[in-house]
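Down below is the structure, laid out as structure tokens.
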Amino acid sequence: MNTQLLQQASVLDIEDQIELVEAIWDNIVSRDAAPALTTAQKIELDSRLADYLENPDDVVSWSEVKAAALARIGQ
């Protein structure tokens, strides 16, 4: 990491720091950039895919996951 850039950003007020982070993030998204997966992440994804292919009906819908999560946090 370029520590000089970090030092320059650290003197900005909080609103400008947030704006900078958002601009950087928007730039990353616009380039469809993503970090490469680690070996552990690839193994985990392959395992989950294999499990899904072996048990395609053993899934939970997003709406069920969301409802359970919201219930857990009391909303």
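Throughout, read-outs are computed from the coordinates displayed, never taken from laboratory work. Every value quoted in this text rests on a predicted model; they were computed, and no experiment measured them. Don't worry about glycine lacking a Cβ; one is built from the backbone with ideal geometry, like all the others, and counts go over all protein chains shown.
A simple spin-label model places pseudo-atoms 7 Å from Cα toward Cβ; at Ala34 and Arg48 they are separated by 1.1 nm. Trp25 sits among other residues whose Cβ lies under 14 Å from its own Cβ, and their net charge, with Lys and Arg +1 and Asp and Glu -1, is -3.
Applying the Karplus relation 6.51 cos²θ - 1.76 cosθ + 1.60 with θ = phi - 60° to the range 15-26 yields 3J(HN,Hα) values of 5, 5, 5, 5, 4, 5, 4, 4, 5, 5, 4, 4 Hz, where x marks Gly and Pro. Taking the square roots of five times each eigenvalue of the Cα gyration tensor of the chain, the equivalent ellipsoid has semi-axes of 37, 21, 11 Å, listed largest first.
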